[in-house]
Amino acid sequence: MQQISRTLSLRPYFATTSTVTNLFSRRNHRDAASPCVKHRRPNRLSYGLGLNQRRSHISRTVMAQTSEGSSDASSGPVGEGFEESALFEAFAAVPSFTKGWLLPSATQADAAVPQILLQTSQRDFESNSMRHSVSTIQPSGRELPALGWELNGVALISPSPSGKRMLVVKTASDTEKFGAVLQIWGGGRLLRETRVKQETHGAVLSDGWFEGVSWNFEETQIAYVAETAKPNPTPLWGAGKGHGKGAEGVASADAGGWRGQGDHEEDWGELMGKRPPGIFTLEVSTGRVSKVHGIPQDTSVGQVTWAPLVSGLQQTIVFVGWGHQSSNFDTAKRLGMVYCMNRPCALYAITLPSGDQSGDIAGLPAVPLTDPTLSASSPRFSPDGNTLLFLSHAEAVSTGLHFTAASLCTLPWDAAGIATWTEDAAKPLVVLDVVNRPEGPNCFPGLYTIRLPAQPWLPSGNGLAVAVETTWRSEQVIISVDIEAGKVQRLTPPGEGSFTLLDVSRGAMVAARSAPNAPPTLVWSSRVVAEEAPSQWMEILPAAPEPFADKVEEALAKMSFRVLQVTPSSSSSSAAVDDAEDTFEAILVEGNPMVAEPSRTVVVPHGGPHTALTTSWAPSVAFICSLGFNVLLVNYRGSTGFGHEVMMTLPGHIGDQDVSDMIAAVDQGVQEGFVKSDAVALVGGSHGGFLTAHLLGQHPERFCTGVMRNPVCNLVQMVGISDIPDWCFVEAYGPGEGRKRYRNVPTPEILEKLFSISPIAHVDQVQVPTLFLLGKGDLRVPPPDGLQYVHALRARGLEARVLMFPEDGHALSKPRTELENWVVIFEWLTRLMPK
């Protein structure tokens, strides 16, 4: 299962990341003909936003702490490792480019360059939260602006299609009374503000999952997704003793009574502890908020978009709906949602009544556009309004795997007949299907993404084409897809880090580009035509670059990375191994590749298991490498980005095939001379923690220690307490058998199977000290799973240290948690690994 985090094990789906100068043009080639090429870090001007714009803070904190060996209580968090905590803070302070918009006013045919509205995020250790800011860029000189504006208390922003208005959604200061504050900005001033009471709706969703904001084409209304209001107030207690009565003798919390908890309401699990989302509209001219009715009961909705407006017809909203009970598993439980693309969902359309409305919008009942038993999400209308494009993860729904390759599909759109859609209406056309086996080692492996850009359309001589990002083996890349022919064209160069697509508009694209040894840099391409050669990317750099703190400069100057091709071992007992001869990959990040001797190596298996680690920036990797370790990030068979056939070899063989692949990667490192065989450690989270525990138990002589972040240790325990018990069945038995055997109360036979493939079955063979990092609020792999393993180790006299983080869940992603995690991990590795 996926470790939802911003560090090593998280972000399998989202990587953060020349016409003129190639960002990674300076290379140190070991073998010009080999795919294993060392990528040297570019000169400092290519660092991107990085720490350059935080020098006033970072320089004081890092340089003072590392030089003087003392600190002020206000200078930042200080852990056991004083100098290392300052160094990690310096790495972690690098901002990420989280959202971008190409403003239409600057993308006309005669415009030389686009204007970009950019949103960035930074870790703030003092508030233990992420800080978000925006800036406007006119990159005529390809320079980032010196100034930005922090978004204090802002949940999300959304510019209108024309770029003349902006919706700003703020978190209400009085959340008991108000759900949100909606602001409309334009002409450099606040035009209107609406404070929405909790009786109307709760918080506006900005989770990247249900989240959806859409301006209609006339820019008179905005549709958005928010938590529905609580159905009834919770009961009031305490009146019977007199102290809970107010002046009128009525029970009152203010008079000494108290509000009870009320009935338990199921939610969507990890990171999704919220009431069911609903659709609401905001009338721009009046600020009136209305709820849209007609949505099926027991359905959560999201990802709204307005359909094209046809003269004389009523307006229509298209949205995604998820049934509260998954039809592909025999259960009444609402299964966890985040990063689970195997939850059935469908597109719906709802037509709103015409004319001036007061109060809620009744409208017509929502009409399903796709089969609700399968999958359809991320709806996007073509510029001419005749085609509805969407993603389908039907393979995930049918197999039960939490993530598989997606299909790209279209529906013809006839606005005049929207109210007459039936099961006999036009069926979706699959434009780009799942790739079972790539045609060659460098060929397109399939579409691995969870969401399309807001406006993905590209100019194409053949008709319609779209741009989308995807995992391609161990890289995050941007591709174009011809909607007529299904032809795929790679738009980003291979071997040069990873790209995150931020926005597309009239052929212009803006993206973030990064690598393990290079923090994110903003890049853009002014004109992309789908069927032409891959686009060239121009860097947008700081106008006045400043140096990093000395230790960061020194570390990044030495770092390099390369992608290794690893041959699977024949030692696995999995029958599937004989049918899967494909190599898999591992990313080697070296702290000092000029040193001839093998180095201490930290081996990292990713979570999922159907995710991937990519060649993108991760502060934790840079931090560990800067302190003298190599890091080996392993994309064992079953990872995304390598084709559906290879991915499907792993379910039913976890704890065996993936363990064998991890050993094969380590063995190859020893053979090639960059891994010191007696100085290897493991660091993994979630399913990566599952593999770490398995490797320590099955191969106890191979590793000095293991670090586990919210690990899966015992599926027998997990199946009864996790928000995703379906994961246990599908990964233990394989797709068909796993879905068939799913039970709310597993049989003794099933429990025996789950135990046999769990790391706890090998706990008595573990010989080395272990470190556990657990989130107290983890709903995916709750802490008792890891603690049972800890107690088993301690009963045998082994050292097992546990850090419990009360404010964190499965991700362990709060800034202070990240800092403490990685500083403690460094100290642990230093103590237990020989140099």
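What follows draws every value from the coordinates through simple rules; no lab data is involved. Since we're looking at a predicted model, the values are computed, not measured. All Cβ positions, glycine included, derive from the backbone under ideal geometry; neighbour counts span all protein chains shown.
Brief remarks follow.
- Cα pair count fraction exceeding 12 Å, expressed as % - the range 678-742: 69
- Gained length - Thr567 relative to Ser327, 0.36 nm times residue gap less alpha-carbon distance: 82.5 nm
- In order along the range 599-605, phi translates into HN-Hα couplings of 10, 4, 10, 9, 9, 10, x Hz, rounded to whole numbers, per the Karplus curve 6.51 cos²θ - 1.76 cosθ + 1.60 with θ = phi - 60° and x for Gly and Pro.
- The phi torsions of the range 178-191, fed into the Karplus equation with coefficients 6.51, -1.76 and 1.60 and a -60° offset, translate into couplings of 10, x, 6, 10, 10, 10, 10, 10, x, x, x, 8, 6, 8 Hz, rounded to whole numbers, with Gly and Pro shown as x.
- Gain on full extension, evaluated as 0.36 nm per residue between Ala795 and Glu150 minus their Cα-Cα distance, stands at 227.1 nm.
- As a ratio to 2.2 N^0.38 Å, the alpha-carbon radius of gyration for the range 584-684 is 1.08.
- Note on the range 450-504: Kirkwood hydrodynamic radius from all Cα pairs is 11.6 Å, rounded to one decimal.
- Under Karplus coefficients 6.51, -1.76 and 1.60, residue-wise ³J(HN,Hα) of the range 262-272 in Hz, glycine/proline x: x, 6, 5, 10, 5, 10, 9, x, 3, 6, 10
- Alpha carbon convex hull of the range 608-752, projected area averaged over orientations, nm²: 9.7
- Counting only residues at least eight positions apart within a chain, or on another chain, the lysines with an alpha carbon under 23 Å from that of Lys427 are Lys487.
- Given Lys99/Lys291; Lys99/Lys164; Lys558/Lys676, the pairs whose alpha carbons are separated by over 23 Å: Lys99/Lys291
- Panel order for Thr175, Thr640, by other beta carbons found within 10 Å of each beta carbon, from fewest to most: Thr175, Thr640.
- Tail beyond 26 Å, pair distance distribution of the range 361-516 (Cα, percent): 30
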